[in-house]
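The values are calculated or read from the model by the stated rules, or taken from the named source; none is laboratory data. If you're wondering where the values come from, they're calculated on a predicted model, not measured in any experiment. Here the Cβ is made from the backbone with ideal geometry for all residues, glycine too, and neighbour counts use every protein chain on show.
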Amino acid sequence: MHNVFDMRAAILRWYDDQGRTLPWRVRPEDRAAGVVPEPYAIWLSEVMSQQTTLAHATPYWTAYLSTFPTVIDLADADREVILSMWAGLGYYARARNLHKCAGVVRDEHGGVFPTDEKTLLTLPGIGPYTAATIAAICAEEATNIVDGNVERVISRIFAYDDPLPKGRKGLRELAGTLVRDDRPGDYGQALMDLGATICSPKSPTCLICPWQTWCVAHAAGESVKYPIKTKKKPTPVRYGYAYVLRCGDQILVERRPDKGLLGGMLGVPTSAWGEKPTDHSAAPMKRNWEKIGEVVHVFTHFELRLDVFGAEKDQIDDRMWMFDPSGLPTVFSKVVKSAHKKTGP
Ligand code: SF4
């Protein structure tokens, strides 16, 4: 039997005692002392930490906040600067939406970041999870925060049998049965922490879990069976060519078209990426290309296999050249790293 009152009390006690300290988080004791969470900082942290680890996202968060201390600073910034600072964080549509969203907050909300769920959902790039999180943390709105970690916890607590992703709606509804207006922000963060630290995918530490008493999957000795997922189809493979043209220490780069994968980001020239390997006779520039490497990079929906070709040029021209490849998206950093062998002219 799931006693909501007792469950919330237990997880909030655990959070007060053992919740994570994060640079953007206002801990309960600080909140009690009058510190107020900053919605702009919370928004940045949420957008940046999706699909990656906090350890990876945190330096980006720090860099963005020190370069753009307010949402108006971000809105006023050059989009290219925002995109290049995002390099390595993946899912580049998020960086483009970050800039768009900041512009809307500046132009339509007087530069004040909204904190109610309904308004947040109207902003570019803000979906149900991010809206619910900001509203709960910054406005104590009793929202239903459900990310991947929370899905795992809730599916185990209720031994929820409907396979995901189809069963996601039902799982959200179950999570909603635990929502109350008592400390919504801390409750949401507690639930996220529980999923991230204790109720891990492969080896949950149920013995120290504040919700062990109510966990149906644990009682049945089947914690890791949940969440049940529909079997994934094998990841499709795409093939293509990447061209590394060097001039001394410099590498030729180009800005990718706005639409499509890695839109608006810098990268080395490539062929189109197709479902079958082709020959590379349609190389974009007439050169003596020599194959110098291979790169495999996994995106969300496909695996990309690139043959890397290199050539050298003796003079820089008026195209875009770059010395430091660390500002490139990960797939292109890999390409440049693989191009270790000097090629003939
Ligand atoms: S008891 Fe175990 S499986 Fe259940 S919520 Fe806690 S950590 Fe997860």
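At-a-glance table
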quantity	calculated
Filtered residues of the stretch 159-175 (kept if surrounded by 18 or more Cβ atoms within 10 Å (Cβ to Cβ) and in a loop (DSSP other than H, G, I, E, B))	Y160, G167
Check on V105, among the hydrophobic types (A, V, I, L, M, F, W, C) and under 25 Å from V35 (Cβ atoms)	yes
Among (1) on the phi > 0 side of the Ramachandran plot; (2) within 16 Å of the ligand (Cβ to nearest atom); (3) within 23 Å of the chain's Cα centre (by Cα) - the single one G264 does not satisfy	(2)
Test result for R156, more than 14 Å from W43 (Cα to Cα), basic (K, R), within 16 Å of the ligand (Cβ to nearest atom) and outside any loop (DSSP other than H, G, I, E, B)	yes
All positions within the stretch 148-192 that are acidic (D, E) and out of contact with any Leu (no Cβ under 9 Å at 6 or more places or on another chain)	D161, E173, D181
Conditions (1) in the same structural domain as K166 (by TED's automatic domain parsing); (2) buried (at least 18 other Cβ atoms within 10 Å of the Cβ); (3) not in a loop (DSSP other than H, G, I, E, B); number of the one not met by Y241	(1)
Any strands (runs of 3 or more DSSP E) falling wholly within the stretch 278-338 and containing at least 2 residues that are among the small types (G, A, S)	303-312
Search result, residues across the stretch 203-238 that are exposed (fewer than 13 other Cβ atoms within 10 Å of the Cβ) and of a type in the set (G, A, S)	S203, A220, G221
Test result for M265, in contact (Cβ under 8 Å) with a residue 24 or more places away in the chain, surrounded by 15 or more Cβ atoms within 10 Å (Cβ to Cβ) and under 30 Å from P165 (Cβ atoms)	yes
Filter result for D182 (surrounded by fewer than 18 Cβ atoms within 10 Å (Cβ to Cβ), farther than 25 Å from T115 by Cβ and touching a helix residue (DSSP H, G or I) at 6+ places or on another chain (Cβ under 9 Å))	no
Residue that is modelled with the highest pLDDT [pool: residues in the stretch 304-320 that are closer than 19 Å to K291 by Cα and basic (K, R)]	R305
Matching residues in the stretch 166-205 - criterion: being small (G, A, S) and either touching a Cys at 6+ places or on another chain (Cβ under 6 Å) or more than 10 Å from the ligand (Cβ to nearest atom) (or both)	G167, G170, A175, G176, G185, G188, A190, A196
Single match in R25, R31 (criterion: among the basic types (K, R), touching a residue at least 60 places away in the same chain (Cβ under 8 Å) and part of a loop (DSSP other than H, G, I, E, B))	R25
Selection count where residues are within 23 Å of the chain's Cα centre (by Cα) and either closer than 17 Å to E254 by Cα or not assigned by TED's automatic domain parsing to the domain that holds P277 (or both), scope the stretch 294-336	11
The listed residue being under 18 Å from the mean Cα position of the chain (by Cα), among the hydroxyl-bearing types (S, T, Y) and part of a helix (DSSP H, G or I), out of T52, T58	T58
Residue match in the stretch 254-271 (condition: outside any loop (DSSP other than H, G, I, E, B) and among the charged types (D, E, K, R))	yes
Residue in the stretch 333-341 that is of a type in the set (A, V, I, L, M), closer than 30 Å to L98 by Cα and surrounded by fewer than 15 Cβ atoms within 10 Å (Cβ to Cβ) present	no
Qualifying residue in the stretch 85-95 (condition: more than 21 Å from the chain's Cα centre (by Cα), not in a helix (DSSP H, G or I) and not polar (S, T, N, Q))	no
Selection within the stretch 206-229 - near the ligand (Cβ under 6 Å from one of its atoms), without any contact (Cβ under 8 Å) to a residue 60 or more places away in the chain and under 27 Å from the mean Cα position of the chain (by Cα)	C209
